[in-house]
Every structure is written in C-alpha cells, then in structure tokens.
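The values are calculated or read from the model by the stated rules, or taken from the named source; none is laboratory data. The structure presented is a predicted model; accordingly, all values stated were derived computationally and were not measured. Counting neighbours? That spans all protein chains shown, and the Cβs are built from the backbone with ideal geometry, glycine included.
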Amino acid sequence: MEEKQLAFDVISDKRGSLVSLESNRNIPFDIKRLYYIYGTSDQPRGFHAHKALRQVLICVKGSCKILLDDGIEKRVYELNLPNKGILVEKMVWREMYDFSEDCVLLVLASEYYDEKDYIRDYSDFLK
Ligand code: TYD
C-alpha cells in the first residue's frame, strides 16, 4: 500500500495553535490546488482513484474515516487531528465516510482539477 501518515509540527501558545504546510517540505509535492469538504452527511464520498494525482488529506476539524485500497490490500484510517494527514499516492482507491457533523476535510493536491485523471469504476481500477 502506497500511503503514508504524516504528522505536522504544531506551533502553540496561549493564543492557540498553528500548523504550516509547505510544498516539498512537509508536503511531499508542489501544491497546485487545495479544496475542502464540509457540511457532510451520512453519505459517503470518494469512490475513485487517480491516475497521476497525489493528495494529502487533513481533517482540520471534526473527524472522518478513509478507506484506502491499492487493489491488493484495504486499510481504514480515522482522521481526527488537525496536525495529522494522510498521503494518498496515485492509483489508490479511496472512500470517505463516518463524517462528524462538524467535519472539515482539507485536501492538498499535486495537480489542477482534471476529470480525465479520475478512475470512477472499481472494476476499471482493478484492471
Ligand atoms: P469528487 O472528486 O467526486 O468528490 P469526492 O471525492 O469528495 O466524492 O468531486 C465532486 C464534484 O466536484 C465533481 O463534480 C467534480 C467537482 N470538483 C471540481 O470541480 N474541482 C475539484 O477540485 C474537485 C476536487 C472536484
């Protein structure tokens, strides 16, 4: 399984906490895009893999689960800390679910949005 759990340094003082994310430093690619998912429900998301895209997912508020599947092995991770992330390499099937009501899932991406990079059919992914 090509995935990696990342732990980011937290700069905390009595005013609160700060996490800094930098391309090719604590994020292992050039960050070309970021997006965030919020207002989630009991509906799962994802159900696709990417041909080339690499991503880091960080639950900056609340919690959710992510299932990663490289076609051989499946692993489930709980994301529930704003200083923890998971690096999802290309060609890994992902499903996100069990979102807390307050969940905000931040995603850093190595490429611009490109629908052609998606594999949305699980049997195509396995091939
Ligand atoms: P999708 O990647 O399917 O969401 P998830 O993986 O969370 O289930 O994206 C949902 C919709 O948003 C889909 O119509 C594509 C669009 N979209 C963009 O326009 N730009 C983006 O950067 C992303 C990630 C999605």
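Only one of these is of a type outside the set (Val, Ile, Thr), within 15 Å of the ligand (Cβ to nearest atom), under 15 Å from the mean Cα position of the chain (by Cα) and outside any strand (DSSP E or B): LEU53, LEU21, LEU67, LEU105. Name it.
On the way: LEU21 fails: within 15 Å of the ligand (Cβ to nearest atom); LEU67 fails: outside any strand (DSSP E or B); LEU105 fails: outside any strand (DSSP E or B).
Among LEU53, LEU21, LEU67, LEU105, only LEU53 is of a type outside the set (Val, Ile, Thr), within 15 Å of the ligand (Cβ to nearest atom), under 15 Å from the mean Cα position of the chain (by Cα) and outside any strand (DSSP E or B).
Looking only at the stretch 25-37, decide whether some residue is surrounded by fewer than 13 Cβ atoms within 10 Å (Cβ to Cβ), over 15 Å from the mean Cα position of the chain (by Cα) and without any contact (Cβ under 8 Å) to a residue 40 or more places away in the chain.
Yes, the conditions are met somewhere in the stretch 25-37.
Per-residue answers, yes or no, for (1) over 19 Å from PHE8 (Cβ atoms); (2) out of contact with any Gly (no Cβ under 8 Å at 6 or more places or on another chain):
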site: ALA49; (1), (2): yes, yes
site: GLY71; (1), (2): yes, yes
site: TYR77; (1), (2): no, yes
site: MET96; (1), (2): yes, no
site: ALA109; (1), (2): no, yes
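Residue-wise test of (1) farther than 27 Å from SER123 by Cα; (2) at pLDDT below 95; (3) in contact with a strand residue (DSSP E or B) (Cβ under 9 Å, 6 or more places away or on another chain).
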{"site": "ASP9", "(1), (2), (3)": "yes, no, no"}
{"site": "SER20", "(1), (2), (3)": "yes, no, yes"}
{"site": "ILE31", "(1), (2), (3)": "yes, no, yes"}
{"site": "TYR36", "(1), (2), (3)": "yes, no, yes"}
{"site": "PHE47", "(1), (2), (3)": "no, no, yes"}
{"site": "LYS51", "(1), (2), (3)": "no, no, yes"}
{"site": "GLN55", "(1), (2), (3)": "no, no, yes"}
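Could you please find all residues in the stretch 24-50 being of a type in the set (A, V, I, L, M) and either part of a loop (DSSP other than H, G, I, E, B) or within 16 Å of the ligand (Cβ to nearest atom) (or both)?
Restricting attention to the stretch 24-50, the residues satisfying the condition of being of a type in the set (A, V, I, L, M) are 27, 31, 34, 37, 49.
ILE31, LEU34, ILE37, ALA49 - these are the residues of the stretch 24-50 that are of a type in the set (A, V, I, L, M) and either part of a loop (DSSP other than H, G, I, E, B) or within 16 Å of the ligand (Cβ to nearest atom) (or both).
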